[in-house]
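One structure is given below, encoded as structure tokens.
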Amino acid sequence: MNKKQYEKIVKKHTPKEDRFINALSAFIFGGLLGVLAEAITKLLRVIFNLTVLDATVWMMIVFIFTACLLTALGVFDKLTTFFKAAIIIPITGFAHSVTSAALDYKQDGLIQGVGSNCFKMAGSVILYGVISAFILVIIGVIINV
Amino acid sequence: MSSILFKNVYINDNAMIVGPYEKAGKLNFNNALTDFYDNEKTFEDAEIKMQSTVLDKLLYNHNLRPDDIDVIVGGDLMNQITATSYNLKDYNIPFLGIYSACASFAESVIVTANLLDTRFFKKGVVITSSHNLTSEKQFRFPVEYGALKPKRSTFTATGAVAALLTNQESNIKVESATIGKVIDYGIKDTFNMGAVMAPAAARTILDHLKDLKRDINYYDLILTGDLGEVGTNILTDFLYQNNKIKLKNHLDAGMQIYTEDQETFAGASGPVALPLVLFNKILNQKKYKKILVVATGSLHSPVMCNQKHTIPAIAHAISLEVK
């Protein structure tokens, strides 16, 4: 049997993922998270009399802190199995990836362990985030000229 | 020729310990951890402790001192087979470390049986372990990340198993063995270990039957190790389409450990999955007289997978005769 024929057998017996349901749940729960973020921002503006920009930054800090805390308490990984992409794609997922990697390498020391490994997964987000921001700014400048 | 017949090698006893998930599963285990740390500081230490627990228990049951053991053969999933090597630094036993991922148990038995058959060695021990979280850390994502897994993925079993092999007659005879070849059918999907390993299992089963001129129905049971549900279906289909062999008396160890609602996807994997099922279920049932144990291992390395290489696999077989 050659590899092509084998691939067919593998395809036949490999279960399909529920892409539609996953996408729908990400849309609904991700959307709800957005609503929550908007509510927190509004609340912060009313209570502390902040500008929109300041209130947004504080809202993000609340989300990041909550995600890190839930990861450290060992709850976040259980939430991801239910909410999936809805909480992985927003900033909560980014905070979670840094905290979980740091926890994994806690026993390996502060430099060789936590220091060199905590951006193991978040590193790509930072690198390509910066690069795409750079490119977008250039495009923005060109368009505005 | 890749098969060998043994004159008088017997499995005399075994000792095992499992993790919390396995304890909550389908089989009954007496000895289990309550959590993944087991009062140790790290998961790695917990795996080493599991190995020393089973080895101590085996020695204690037979009133043996470490000096009485002529050779110990074993391995695990960690880099540099850490759990096995670090455990054995506290014992004074000649040690051969082996690695063939989840096929390690069968490879250990083959090596030990050969040494015992020379009659220069009287008592040998095979040992293996795996820990769900040490292997998650090593092969996949950080433990607390809880990365989402597809339905075709398998779940590394936590536990350790040690078995005593000697020339003294017992109910379980190691009758013959077939050494596997490294097989690569071009699968790159690290989640689909069943698909990676099924052709290796098929190759070894066919080699074994051909070398020893046996029919597949010669065996009361063919027990494959950790193919999982996906791999089992692929193996059955592969053997039928390729060789017109109907795989009837077959069980897969990966499918015997967890219950449906444990969210372990296609089933258990890891070097302990097969011996746990073999010693805890199959040999206790006393239902099968001739058993072909086919341990399958995926020989992937995260580095090679990142560099887009396909994944090679291996399977080793041992034939057991039960009285």
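Listed values, structure above:
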item	result
Residue, nearest to the other protein chains (Cβ to nearest Cβ), within the stretch B:213-249, restricted to residues that are charged (D, E, K, R) and not in a loop (DSSP other than H, G, I, E, B)	B:Asp237
Hits in the stretch B:292-321 - residues which are surrounded by fewer than 23 Cβ atoms within 10 Å (Cβ to Cβ), in contact with a helix residue (DSSP H, G or I) (Cβ under 8 Å, 6 or more places away or on another chain) and either under 18 Å from B:Val272 (Cβ atoms) or at pLDDT below 95 (or both)	B:Leu299, B:His300, B:Pro302
A:Met121 vs. criteria within 14 Å of chain B (Cβ to nearest Cβ) and surrounded by 11 or more Cβ atoms within 10 Å (Cβ to Cβ)	yes
Single residue of B:Leu133, B:Leu164 found to be over 17 Å from the mean Cα position of the chain (by Cα) and either in contact (Cβ under 8 Å) with a residue 40 or more places away in the chain or crowded, with 20+ Cβ neighbours inside 10 Å (or both)	B:Leu133
Residue check, B:Lys213 modelled with pLDDT under 95 and either farther than 29 Å from B:Pro150 by Cα or not assigned by TED's automatic domain parsing to the domain that holds B:Lys149 (or both)	no
Qualifying residue in the stretch B:191-212 (condition: under 17 Å from B:Pro271 (Cα atoms), within 11 Å of another protein chain (Cβ to nearest Cβ) and in contact with a Leu (Cβ under 6 Å, 6 or more places away or on another chain))	yes
Some residue of the stretch A:92-110 being more than 11 Å from every other protein chain (Cβ to nearest Cβ), surrounded by fewer than 16 Cβ atoms within 10 Å (Cβ to Cβ) and more than 17 Å from the chain's Cα centre (by Cα)	yes
Selection count where residues are more than 15 Å from B:Phe95 (Cβ to Cβ) and of a type in the set (S, T, N, Q), scope the stretch B:45-78	3
Filter pass, A:Ile9 being more than 14 Å from chain B (Cβ to nearest Cβ) and either under 28 Å from B:Gly231 (Cα atoms) or at pLDDT 95 or above (or both)	no
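The values are calculated or read from the model by the stated rules, or taken from the named source; none is laboratory data. Here the structure is a predicted model, which is why all the values come from computation and not from measurement. Cβ: placed from backbone, ideal geometry, glycine included. Neighbour counts: every protein chain shown.
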